[in-house]
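Nothing in this text is a laboratory measurement; each read-out follows from the coordinates by a stated rule. On a predicted model such as this, the values are computed, not experimentally measured, just so you know. Every residue, glycine among them, receives a Cβ derived from its backbone with ideal geometry; neighbour counts consider all protein chains shown.
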Amino acid sequence: MGIDALKRSLWVFHVNAGSCNGCDIEIVAALTPRYDVERFGIKLVGTPRHADVLLVTGPVTRQMKDKLLRVYEQTPEPKLVVVVGNCGSTCGVFYESYNIEGPVDKLIPVDVYVHGCPPRPEAIIEGIAKAWAKLEKTKVKK
Amino acid sequence: MKRVHQNLPKISTMVKRMADNEKKVNIPIGPIHPALKEPVQIEVSVSGERVTDVNITLGHVHRGIEWVGTRRNPIQTLYIAERVCGICNICHPMAFCIAIENAANIAVPERAEYLRTIFAELERIHSHLLFLGVAAHEMGFDSILHYTWLTREKVLDVVEMLTGNRITKGIMMIGGVRRDISDSQAEKIRAAMDYYEKVYGKMCNIFLDDKTIKMRTRDIGFLSKKDALRFCAVGPTARASGVKKDIRQDYPYAAYPDIDIEALTPEFLLKETRGDVYDRVVMRAIEIKQSIDIVRECLKEMPSGPIVSEPVLQKLLFNLKQVQGEGVALVEAPRGELIHYIKMEKADAPSSWKIRAPTYANLHVLRTMLIGSELADVPVIVASIDPCMSCANRAIIADKGALLYQEKLRELCIGKTRRLRGATK
């Protein structure tokens with residue numbers, strides 16, 4: 001994956017589906033000066049309708065299930081889903097809880113899993129870069 | 001011309017009539033909304049630009065933590081306690097440990113108490129810097145967000161050096177802590193504290209002198225001292241209204257009894273305490289300075305000795321299995337008073353675990369603050385109590401139709417009396 005594979009800037013929408021804030025503050029840390037993903041053109045946007053990539057954190061609680069599905073449907077094609085954190089990938093420490101509907105891939109198709117509890121900002125950036133390369137490929141095929 | 005003008009009603013009555021005619025509009029904010037970092041639903045009724053009523057719906061981040069905790073042994077549960085909240089993940093496991101130690105009568109070594117205090121204060125510095133950034137972001141002052149979050153990385157570096165991770169630290173253990181601080185590490189913490197002393201000076205310049213911050217936060221979202229007491233507000237939210245309450249001062253735990261701590265109010269930096277958003281923002285800046293002093297004093301006074309009372313985990317678990325009793329812990333989290341309650345009944349897992357997080361207490365004052373404010377001030381007022389929804393969501397109402405009101409409850413109560421009477425006859 002070369003830098004020429006990345007033709008457009010990537011806009012990201014963040015959905016907190018019952019996360020503990022750990023992954024969320026690492027996502028914000030990735031945006032702020034030390035990691036500064038905005039220099040690559042990656043930007044957090046306020047609505048899923050503007051987004052290319054959905055960043056999902058959290059094990060998906062019962063009340064967030066339909067909201068997550070709705071956000072996924074509102075995101076225009078081509079779209080990719082990146083799950084940040086162990087909770088979203090496997091439900092993590094909450095696996096046996098009565099109020100968990102996840103993991104995320106049970107509800108919506110997931111393209112990239114970023115592991116860690118919480119993952120470091122570097123790992124989140126790598127995950128988004130992988131999703132980006134995948135997105136550019138799907139565009140070429142079409 | 002003069003007569004026409006005279007026939008018109010006065011402007012003040014016209015405005016009043018317009019306000020009367022205006023329909024109230026309900027604006028739902030959330031659960032997924034760009035102004036919110038966490039899922040919570042705030043329904044605001046507005047008349048014109050003024051907020052007339054507020055309704056807050058919680059439960060979106062309810063993960064059944066307390067229930068999960070009663071199905072695993074205390075050491076496994078410790079790591080769930082850490083994941084109650086990603087921002088305050090020293091104070092939750094610390095409160096959990098203290099509650100179990102109280103139930104099981106475990107004495108914590110003195111050095112471990114000091115280490116716990118240092119970790120708790122490092123967490124407070126990181127949490128308050130995070131808050132100052134978020135508050136500035138809500139005002140639209142993103143340069144401050146980026147500045148505070150850049151300076152926050154330094155404390156995360158220190159935490160990573162001490163514990164091995166930036167966010168979830170995994171440092172607490174029942175009866176002590178898991179890792180010691182060496183002399184070379186202590187030197188690095190001192191250097192970081194010197195750095196934060198400078199940051200604090202700059203932060204004071206920004207928050208005390210900058211016009212934009214004063215314009216957007218002065219005299220909005222009032223919380224009077226009376227209301228703060230009436231709704232039992234806790235932590236910086238209460239202190240910014242002039243209520244001098246702080247668990248570290250009132251019911252000291254860990255190494256706080258050895259350190260002279262006084263609950264501060266905004267009068268430390270400002271001439272008066274008004275209880276508005278500005279006071280609550282300045283309050284956090286003041287507490288950063290207090291935390292720096294506490295960390296320095298702890299490093300200076302720290303005694304030598306063991307860091308955990310029982311290093312063999314199997315033995316600790318075996319001992320905990322014999323425990324019958326209950327324990328309560330009060331801890332001053334960055335957002336205020338945090339309570340953990342544990343009941344142990346000679347079993348693998350605790351039979352009951354209850355958490356009351358500071359945000360739960362502070363959400364009640366939100367309504368008082370919001371009513372009468374402008375709609376454009378709602379995000380900054382909500383942010384000013386530093387809400388942490390993942391801490392506060394301890395229960396959900398699964399079926400809203402089944403809500404029990406007083407009449408229904410009384411009906412059920414009378415029914416039971418009749419049933420019991422029938423059974424005895």
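Restricting to Cα atoms and excluding each atom paired with itself, what does the Kirkwood estimate give for the stretch B:21-85 in Å?
Working: mean 1/r = 0.0689 Å⁻¹.
One over the average 1/r among Cα pairs gives 14.5 Å for the stretch B:21-85.
Name the shape class, rounded, prolate or oblate, that the alpha-carbon gyration tensor gives for the stretch B:204-268, where a ≥ b ≥ c are the square roots of its eigenvalues, rounded holds for a/c under 1.5, and otherwise prolate holds if a/b is larger than b/c and oblate otherwise.
In terms of gyration-tensor shape, oblate.
Give me B:L313, A:L68 sorted ascending by neighbouring Cβ count inside 10 Å, so fewest comes first. Please list the in-between numbers first.
Working: B:L313 13, A:L68 25.
Sorted ascending by nearby Cβ count, the order is B:L313, A:L68.
Work out the charge dipole of chain B with +1 on the Cβ of Lys and Arg and -1 on the Cβ of Asp and Glu about the Cα centre, then indicate which of B:V46, B:S241, B:H128 is farthest towards its positive end.
B:V46
Just the Cα atoms of the stretch B:119-212, one point each, no solvent: what log10 I(q)/I(0) does Debye give at q = 0.12, 0.15 Å⁻¹?
Listed by q, the Debye log ratios stand at -0.44, -0.64.
In the stretch A:16-137, what % of DSSP beta bridges are antiparallel (nearest 5)?
10 percent
Give me the number: length gained by fully extending B:L270 to B:Q76, i.e. 0.36 nm times residue separation minus the C-alpha to C-alpha distance, one decimal in nm.
65.3 nm
Taking each full run of DSSP H in chain A as one helix, which ones are at least 27 Å long along their axis (Cα atoms) and have mean Kyte-Doolittle hydropathy of at least -1.0?
Long hydrophobic helices here: A:121-141.
Any idea what the dipole of the stretch B:65-392 comes to, in debye rounded to 20, about its Cα centre with Lys/Arg Cβ at +1 and Asp/Glu Cβ at -1?
In debye, rounded to 20, the stretch B:65-392 gives about 580.
What list of ³J(HN,Hα) values in whole Hz, one per residue of the stretch B:125-137 in order, does the Karplus curve 6.51 cos²θ - 1.76 cosθ + 1.60 (θ = phi - 60°) give from phi, with Gly and Pro shown as x?
Here the 3J(HN,Hα) series is 4, 5, 5, 6, 5, 4, 4, 4, x, 5, 4, 5, 5 Hz.
Once you order the gyration tensor axes a ≥ b ≥ c over the Cα atoms, which shape class does the protein assembly as shown get: rounded for a/c under 1.5, otherwise prolate or oblate by comparing a/b with b/c?
Cα axes put the protein assembly as shown in the rounded bin.
For n ≥ 4 DSSP H runs only, could you compute -39500 (n - 2.57) per run for chain B, divide by its residues and tell me the 222 nm figure to the nearest 500?
So the helix-based figure for chain B works out to -16500 deg cm²/dmol.
Taking the Cβ of B:P252 as the centre, find all other residues whose Cβ is under 10 Å away and add up their charges (Lys, Arg: +1; Asp, Glu: -1).
Here the charged neighbours net out to -3.
Give me the net charge of B:Y360's neighbourhood, meaning all other residues with Cβ under 11 Å from the Cβ of B:Y360; Lys, Arg count +1, Asp, Glu -1.
With Lys, Arg at +1 and Asp, Glu at -1, the net is +2.
How many percent of all Cα-Cα pairs in the stretch B:65-392 sit more than 32 Å apart?
Tail fraction, whole percent: 28.
Once the stretch B:324-391 is represented by equal point scatterers at the alpha-carbon sites, with solvent omitted, what log10 I(q)/I(0) does the Debye formula produce at q = 0.11, 0.13, 0.28 Å⁻¹?
Cα-only, vacuum Debye calculation for the stretch B:324-391: -0.40, -0.51, -1.15.
May I ask for log10 I(q)/I(0) of the stretch A:16-137 at q = 0.19, 0.23 Å⁻¹, from a Debye sum over the Cα atoms as equal point scatterers with solvent left out?
Cα-only, vacuum Debye calculation for the stretch A:16-137: -1.02, -1.45.
Multiply the residue separation of B:M215 and B:Q185 by 0.36 nm, subtract the distance between their alpha-carbon atoms, and state the gained length in nm to one decimal.
6.6 nm
Which distance in Å, rounded to a whole number, links the C-alpha centroids of the stretch B:151-184 and the stretch A:47-69?
What the calculation gives is 32 Å, centre to centre.
Just to be sure I understand the model, the point goes 7 Å from the Cα along the line to the Cβ. What's the resulting B:E407 to B:E262 distance in nm?
5.5 nm
Report, in debye and to the nearest 20, how large the dipole of the stretch A:16-137 comes out about its Cα centre when Lys and Arg carry +1 and Asp and Glu carry -1 on their Cβ. Display every interim value, and only then the final one.
Details: 14 positive and 15 negative charges, 30 e Å.
Computed about the Cα centre, the dipole is about 140 debye.
Give, rounded to the nearest 20 debye, the magnitude of the charge dipole that the stretch B:46-134 has about its Cα centre when Lys and Arg contribute +1 at Cβ and Asp and Glu contribute -1 at Cβ.
280 debye
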